[in-house]
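What follows is a short report on a single structure.
The values are calculated or read from the model by the stated rules, or taken from the named source; none is laboratory data. These numbers were taken from a predicted model, which means no experiment stands behind them. Cβ coordinates were reconstructed from backbone atoms using ideal geometry, including for glycine residues, and neighbour counts include every protein chain displayed. For accessibility, only protein heavy atoms count, side chains too; no ligands or nucleic acids. Shrake-Rupley method; radii C 1.70, N 1.55, O 1.52, S 1.80 Å.
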Amino acid sequence: MLKTQPMTQRIEARFQKCRAEGRAALVTYIMAGDPDPETSLEILKSLPKAGADIVEFGLPFTDPMADGPAIQAAGLRALKGGQDTVKTLDLIRRFRAEDAETPVILMGYFNPIYVYGVDRFLADAREAGVDGLIVVDLPPEEDDELCLPALKAGLAFIRLATPTTDDKRLPAVLENTAGFVYYVSITGITGAATPDFGKVATAVERIKRHTPLPVVVGFGVKSGAHAAAVAQGADGVVVGSALIDALKGTLDAEDRATAGTVEAVTKLVKELSEGVRSVAKRAAA
Amino acid sequence: MSAQAQPNSFRTGPDERGHFGPFGGRFVAETLMPNILELEKAYEEARNDPAFHAEMAYFSTHYIGRPSPLYFAERMTEHLGGAKIYFKREELNHTGAHKVNNVLGQILLARRMGKKRIIAETGAGQHGVATATLCARFGLECIVYMGAVDVERQKPNVFRMNMLGAKVVPVQSGTRTLKDAMNEALRDWVTNVADTFYCIGTVAGPHPYPAMVRDFQCVIGNETREQMLEAEGRLPDSLVACIGGGSNAIGLFHPFLDDKSVEIYGVEAAGHGLHSLHAASLTGGRPGVLHGNRTYLLMNRDGQIADAHSISAGLDYPGIGPEHAWLHEMGRVTYISATDQEALDAFQLCSRLEGILPALEPSHALAKVIEIAPKKPKDHLMVVNISGRGDKDLFQIAEHLGSQIV
């Protein structure tokens, strides 16, 4: 067990605030640079105002093997516009200049980080105001690559637990996790099937027996009603593909932002936020 | 390259975490990890079970038609005027390429594991055809992911797969070639993890695939060794094979890696040339992480994977097996490349001189034989792996040569 305490204050404070309000947290995902850098920054800034508690920013990658069509296309739109890791960190820096409290989680795949250089990336990400990382293709078996260096550098490495992570494997998955645990509600890719919410609640209970960390649930959550259903048992609800679908619906024929782009996303976030807030949870003592 | 310490043996890898030096590993989503560990255990049990080897041997002989001949290419040898050239004739295998050696192993393993649904990715279609063939033979459901671009340029193989009862899914995402087919197969696996066996076609992917596929392909090198000892009373002096992911090459090379006298050449696809569009990951790429392993990749400054190009769909992949990346860094194997044009020229020469139509993939290896053999003495024994037959490529070759097949 790694004893170094990661700098996860912003994440902890935010979950504490939600608990105090007697509700689950809303975690939103959008892709950096989609459909262009300035619009994605504008959306990012609008998310907390619309009710998001934690924001995930996607690091675009050409070959996102765990993502469905919506996020694949979002990544390709961003890359076509010249988005890269340096520019993504710049956007976070500009977000952080105006918002010192909302936790920012960078989510993506390992290769762009590996190529950037792990140590340099961790230093730059922390300086830009990133609080945590979710890297899909780094299971506990590869902890030496990024997870352990990230914890040392003071960034939370947020692990994905899945329906295939049984009780035997769960301790290994949780061992170096910090900030929160992300439970993937289905075996599958992002934006695909809607989960069986009863099974999800059982799985969240199981994980919570193994860890004091908050457990958030993502994959397949598309509406305020879904968000409310997940919020019954989980400490947080993650929504990504549905927001990207809402964004995509406003783009013109050349995939450029239009007057309604930012608002389409914030409108859905408001609905999701109402869903999350409709479920009263026992406030923390 | 020789700056690194040389190991006592080049044949002991990978380590228990699937590493060949710094390459390899298990870079996959958590959902797949339990499956990958299950597969590793099942393969370990199978390779220690004489019954599994007996079953492999039976189907190798009676279904694939092994051993494949080691054939003295007399007219090619005369024409080039140097080394004595032998062809390892993997193109004579059932389904027309070396791919079937690996698929047989994996399908027998899937049966042992009780998996009824088989998925595969394919580029040229040879791996897809081999997988569809063995699924038909054993009554298993078969889904083959194939880039939409490759579906278009390898139509005969798509039809063959359909005739064998497989479902071919054209992949429209990304660059619509082999790497995207592999992404889509991984997405399927993550979704249908409980009942599905992913039959990977080359020595890439997460551990244990690179080692397992290599073991199934080593029959090529093991036979070559025996056949050459019988024909010439000694080991060959050099080996040449083409490399996309690198399974036919590692199958020929691996049994000879510790025989210091044997020169080994791997030939990557240089496409339009190394300063233009190509698929030569070792010559033109650098280390990165994709599809479950660390290896040499073609990519931009930001780590975004580049479009590979080769006239041969089977070599059109921006990565290479991790063991090759390691052998490259250790300097044990010399990696060189051949352009589209060189491969086309070699295809024609081999067809005219030997009456053998090689696939475009081994035509790349032949292109370098044409270059290297004349510089070697007449008693130099050179083996080139003819990894597949050219029938599948005839439409494409005709187009390049400006003729029309009616």
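Couple of notes before you dig in:
This table checks each residue for (1) within 27 Å of A:Pro64 (Cα to Cα); (2) open to solvent by 10 Å² or more (accessible area, probe 1.4 Å); (3) within 11 Å of another protein chain (Cβ to nearest Cβ).
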position: A:Lys168; (1), (2), (3): no, yes, yes
position: A:Thr187; (1), (2), (3): yes, yes, yes
position: A:Ala193; (1), (2), (3): yes, yes, yes
position: A:Phe197; (1), (2), (3): yes, yes, no
position: A:Thr202; (1), (2), (3): no, yes, no
position: A:Ile207; (1), (2), (3): yes, no, no
position: A:Thr211; (1), (2), (3): no, yes, no
position: A:Lys222; (1), (2), (3): yes, yes, no
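- Cβ-Cβ distances below 7 Å connect the following pairs, each with a first residue in the stretch B:116-141 that is in contact (Cβ under 8 Å) with a residue 60 or more places away in the chain and among the acidic types (Asp, Glu), a second residue that is in a helix (DSSP H, G or I) and open to solvent by 10 Å² or more (accessible area, probe 1.4 Å), and a separation of six or more residues or different chains: B:Glu121/B:Leu178.
- Considering (1) aromatic (Phe, Trp, Tyr); (2) surrounded by 24 or more Cβ atoms within 10 Å (Cβ to Cβ); (3) farther than 23 Å from B:Lys155 by Cα, the lone condition that B:Tyr317 does not fulfil carries the number (3).
- Flag if A:Ala78 is touching a residue at least 12 places away in the same chain (Cβ under 8 Å) and within 13 Å of chain B (Cβ to nearest Cβ): yes
- The stretch B:186-209: number of residues that are among the hydrophobic types (A, V, I, L, M, F, W, C) and more than 9 Å from chain A (Cβ to nearest Cβ): 6
- Answer from B:Glu38, B:Glu30 - the residue that is within 14 Å of chain A (Cβ to nearest Cβ) and buried (at least 16 other Cβ atoms within 10 Å of the Cβ): B:Glu30
- Looking across the stretch A:151-166, the residues that are assigned to a loop (DSSP other than H, G, I, E, B), more than 20 Å from B:Val190 (Cβ to Cβ) and either among the aliphatic types (A, V, I, L, M) or at the interface with chain B (Cβ under 8 Å from one of its Cβ atoms) (or both) come down to A:Ala153, A:Leu155.
- Whenever a residue of the stretch A:243-257 is on the phi > 0 side of the Ramachandran plot, its partners that are part of a loop (DSSP other than H, G, I, E, B) and of a type outside the set (Phe, Trp, Tyr), lying with C-beta atoms within less than 7 angstrom and at least six residues away or across chains, give the pairs A:Asp255/A:Pro35.
- Any hit, the stretch B:91-107, residues being crowded, with 24+ Cβ neighbours inside 10 Å, at pLDDT 95 or above and of a type in the set (D, E, K, R): yes
- Residues that are open to solvent by 20 Å² or more (accessible area, probe 1.4 Å) and more than 14 Å from every other protein chain (Cβ to nearest Cβ), drawn from the stretch B:295-314: B:His309, B:Gly314
- Any chance B:Leu353 is under 24 Å from B:Phe72 (Cα atoms) and either in contact with a Gly (Cβ under 6 Å, 6 or more places away or on another chain) or within 14 Å of another protein chain (Cβ to nearest Cβ) (or both): no
Rundown of residues vs (1) touching a residue at least 60 places away in the same chain (Cβ under 8 Å); (2) within 14 Å of another protein chain (Cβ to nearest Cβ); (3) open to solvent by 50 Å² or more (accessible area, probe 1.4 Å), yes/no style:
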residue	(1), (2), (3)
A:Arg10	yes, no, yes
A:Val27	yes, no, no
A:Ile30	yes, no, no
A:Pro35	yes, no, no
A:Glu42	yes, no, yes
A:Ile54	yes, no, no
A:Phe57	no, no, no
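- Selection within the stretch A:14-25 - open to solvent by 20 Å² or more (accessible area, probe 1.4 Å) and touching a helix residue (DSSP H, G or I) at 6+ places or on another chain (Cβ under 9 Å): A:Glu21
- Look at (1) surrounded by fewer than 21 Cβ atoms within 10 Å (Cβ to Cβ); (2) within 21 Å of B:Thr31 (Cα to Cα); (3) hydrophobic (A, V, I, L, M, F, W, C) and you find that A:Val136 fails only one, number (1).
- Each residue in the stretch B:214-231 was checked for being within 19 Å of the chain's Cα centre (by Cα) and open to solvent by less than 10 Å² (accessible area, probe 1.4 Å), and 4 of them qualify.
- Positions within the stretch B:76-90 being touching a His at 6+ places or on another chain (Cβ under 7 Å) and either closer than 16 Å to B:Ala231 by Cβ or of a type in the set (A, V, I, L, M, F, W, C) (or both), in sequence order: B:Ala83, B:Lys84
- In the set (1) more than 11 Å from chain A (Cβ to nearest Cβ); (2) open to solvent by 60 Å² or more (accessible area, probe 1.4 Å), B:Tyr43 fails one condition alone, (2).
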